[in-house]
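First up is the structure itself, then whatever we jot down about it.
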Amino acid sequence: LLDSMTVIRNLHYCGDSTINAVLTVKASAMEEFGIKFFYKLDIPTELSLSKTAICTLFANALDNAIEACKQLPKETRLITLESRMQKGMFVLSVKNPLSKDSTLIQDNKQKGMFVTTKADVKNHGIGLKSMEDVVRQKEGKMELHVQNGEFELFLFIYI
């Protein structure tokens, strides 16, 4: 992220510099692919999560949403991110529409986790697992929902 030229135009989304850096880079990618980006953040100060954990959560969630949106017609590409830190709880929600012929596959062996649909399974499909590991280590919860043509990743962590 720090090597990316887009960090130079770092936007101030919230009080956490790592989140700001990740969102700046991902917003640039969304712009490149014609994806509308709506966000609402209420994180007034630096989170007490490691930079690696923050990047794992935000970057993987947004990478997955960007990948899904790239499969849609440009006029329907939209990612909505909401996050807040209040009363000792960090919450993150990322939503994106799915194409009507979406091939999301749930792997029952992974307890309802979605698996990659990419041909290169060895080098893809670890993002959600990485996120789940961070959430589990912090004794939080992560949920994935598909409803009304929309995918939502929702997680919370007690900090």
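Quick check on my filter: what residues within segment 41-71 are buried (at least 19 other Cβ atoms within 10 Å of the Cβ) and over 17 Å from Phe156 (Cα atoms)?
Asn64, Ala65, Ile66, Ala68, Cys69
In segment 135-159, what count of residues is obtained for those that are part of a loop (DSSP other than H, G, I, E, B) and in contact with a Leu (Cβ under 9 Å, 6 or more places away or on another chain)? Quick ask: steps written out before the conclusion?
Of segment 135-159, the ones part of a loop (DSSP other than H, G, I, E, B) are 138-140, 148-149, 159.
Retained after the next criterion (residues that are in contact with a Leu (Cβ under 9 Å, 6 or more places away or on another chain)): 138, 140, 149, 159.
Counting residues in segment 135-159 that are part of a loop (DSSP other than H, G, I, E, B) and in contact with a Leu (Cβ under 9 Å, 6 or more places away or on another chain) gives 4.
How many of the residues making up segment 32-80 are without any contact (Cβ under 8 Å) to a residue 12 or more places away in the chain, over 13 Å from Val22 (Cα atoms) and either in a helix (DSSP H, G or I) or β-branched (Val, Ile, Thr) (or both)? Before you say what the answer is, go through the steps one by one.
Taking segment 32-80 and keeping what is without any contact (Cβ under 8 Å) to a residue 12 or more places away in the chain, we get 32, 50, 52, 67, 73, 75.
Filter once more, keeping what is over 13 Å from Val22 (Cα atoms): 32, 50, 67, 73, 75.
Still in the list and also either in a helix (DSSP H, G or I) or β-branched (Val, Ile, Thr) (or both): 32, 67, 75.
The qualifying residues number 3.
Based on what the data block shows, is Lys138 over 22 Å from Leu72 (Cα atoms), loosely packed, with under 12 Cβ neighbours inside 10 Å, modelled with pLDDT under 95 and basic (Lys, Arg)? Outline the logic, then answer.
Details: over 22 Å from Leu72 (Cα atoms): yes; loosely packed, with under 12 Cβ neighbours inside 10 Å: no; modelled with pLDDT under 95: yes; basic (Lys, Arg): yes.
Spelling it out, it is not the case that Lys138 is over 22 Å from Leu72 (Cα atoms), loosely packed, with under 12 Cβ neighbours inside 10 Å, modelled with pLDDT under 95 and basic (Lys, Arg).
So, in segment 89-126, how many residues would count as being crowded, with 17+ Cβ neighbours inside 10 Å, on the phi < 0 side of the Ramachandran plot and either out of contact with any helix residue (DSSP H, G or I) (no Cβ under 8 Å at 6 or more places or on another chain) or modelled with pLDDT of 80 or more (or both)?
Counting residues in segment 89-126 that are crowded, with 17+ Cβ neighbours inside 10 Å, on the phi < 0 side of the Ramachandran plot and either out of contact with any helix residue (DSSP H, G or I) (no Cβ under 8 Å at 6 or more places or on another chain) or modelled with pLDDT of 80 or more (or both) gives 9.
The values are calculated or read from the model by the stated rules, or taken from the named source; none is laboratory data. Computed from a prediction, not measured in an experiment: that's the story for all the values here. Neighbour counts are summed over all protein chains in view; Cβ atoms, including those assigned to glycine, are modelled from backbone coordinates with ideal geometry.
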